[in-house]
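Novice: Supplied in structure tokens, the structure appears directly below.
The values are calculated or read from the model by the stated rules, or taken from the named source; none is laboratory data. What you see is a predicted model, and the numbers here were worked out from it, not measured in a lab. Cβ coordinates were reconstructed from backbone atoms using ideal geometry, including for glycine residues, and neighbour counts include every protein chain displayed. Please note that ligands, DNA and RNA were not included when accessible areas were found on the heavy atoms of the full protein model with its side chains. Shrake-Rupley method; radii C 1.70, N 1.55, O 1.52, S 1.80 Å.
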Amino acid sequence: MGNGIDQALSADWPYPRLVAHRCGGGLAPENTLAGFDACVRFGYRMVEFDAKLSADNQIFLLHDDDLDRTTNGRGPAALHTWQQLASLDAGAWFDARFRDERLPTLAQAAARCERDAIAANIEIKPCPGREEVTGRLVALAAKDLWRVQKPLLSSFSFDALRAARDVAPSLPRGMLFDALPDDWMRIVRELACVSLHANHRRLTQRNVRMMHDAGLRVLAYTVNDPARARELVKWGVDMICTDRLDMIGADVVG
Ligand code: G3P
Ligand code: MG
């Protein structure tokens, strides 16, 4: 777009264009350390993952409220202690090759980011009713654990991001939306967000321009079609979050 706003935006943005969804996209069990291996293998330099709390407030990586789909456990994750969660298999559901893969803690994810020089988008994914405490504890931990580059925090939960802002204002924040609400600008301003993370299916070129004009970076999720990724980049979308690490690379997004 080439206007003054875009130039000001690009000066202080440390994150790469491509982001591996749930650590390794579709190439490894989601939200596991095996996903980091896939990320490295395909030359990705940033991961997105989902973080929530166990019953005794350990921060760990899991997308769903329940354990059933991606582990050999049953029922709500929020009702299990970390000791119970730590023994679960989080890989066999995906492929027998990943049997014995465990649910990672946030600290383990931070160590992998540092070891492999991978940037992080930590999506705060609270279990129902635990929004504020999850935002607070994730932000406090992330501030200490990421020593090289600040992680980008994001959430669909306003309350979680507000709690994160209150305890760790220096960590950058991105508001996640599925459908863009009419008052999106008020929300991102109130949370002092640096980015807006949008469902690419509902994103238009006009929206992207408005977001940039509001001083925000734009992340589009979950973009698995190379042609669509190319189009979004043409619109100026700053980050493409994808499962297709094997199909969407630097040759596609430039
Ligand atoms: O943060 C982008 C994306 O991960 C949001 O959707 O459901 O995959 O966490 P979901
Ligand atoms: Mg996510």
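Novice: For the range 21-33, in order, what is each residue's ³J(HN,Hα) by Karplus, 6.51 cos²θ - 1.76 cosθ + 1.60 with θ = phi - 60°, in whole Hz (x at glycine and Pro)?
Specialist: 3J(HN,Hα) across the range 21-33, in whole Hz: 5, 6, 6, x, x, x, 9, 7, x, 4, 6, 10, 5.
Novice: Calculate the length of the line joining the C-alpha centroid of the range 190-254 to that of the range 114-189, in whole Å.
Specialist: Cα centres, the range 190-254 to the range 114-189: 18 Å.
Novice: Based only on the alpha carbon positions, what is the Kirkwood hydrodynamic radius of the chain, in angstrom?
Specialist: About 18.2 Å for the chain.
Novice: Compute the long axis of helix 226-235 from its Cα atoms, compare it with the longest principal axis of the Cα atoms of the chain, and write down the angle in degrees, 0 to 90, nearest 10.
Specialist: 50 degrees
Novice: If amide H atoms are built 1.01 Å from N in the plane of the peptide, which residues on other chains or at least 5 residues away come under 5 Å of the amide H of Leu103?
Specialist: Correct list: Leu88, Ala90.
Novice: Across the range 9-108, how large is the tail of the calculated P(r) beyond 15 Å, expressed as a percent of all Cα pairs?
Specialist: Counting every Cα pair in the range 9-108, those more than 15 Å apart make up 60 percent.
Novice: Taking Cα pairs under 8 Å and at least six residues apart, what relative contact order does the range 84-128 come out at, in percent?
Specialist: So the answer I get is 24 percent.
Novice: Angle, helix 106-116 long axis vs. longest principal axis of the chain, Cα atoms, 0 to 90°, nearest 10?
Specialist: It is inclined by approximately 60 degrees.
Novice: What is the percent carbon and sulfur in the accessible area of the range 3-248, measuring with a 1.4 Å probe over the protein chains and ignoring ligands?
Specialist: On the range 3-248, the fraction of accessible area on carbon and sulfur atoms equals 49 percent.
Novice: Rounded to two decimals, what is Rg over Rh for the range 35-93 when you use alpha-carbon atoms and the Kirkwood radius?
Specialist: 1.03
Novice: Mind checking the range 62-154 for trypsin sites (Lys or Arg not before Pro) that DSSP puts in a loop (not H, G, I, E or B) and that have at most 15 other Cβ atoms within 10 Å?
Specialist: Arg69, Arg74, Arg99, Arg147
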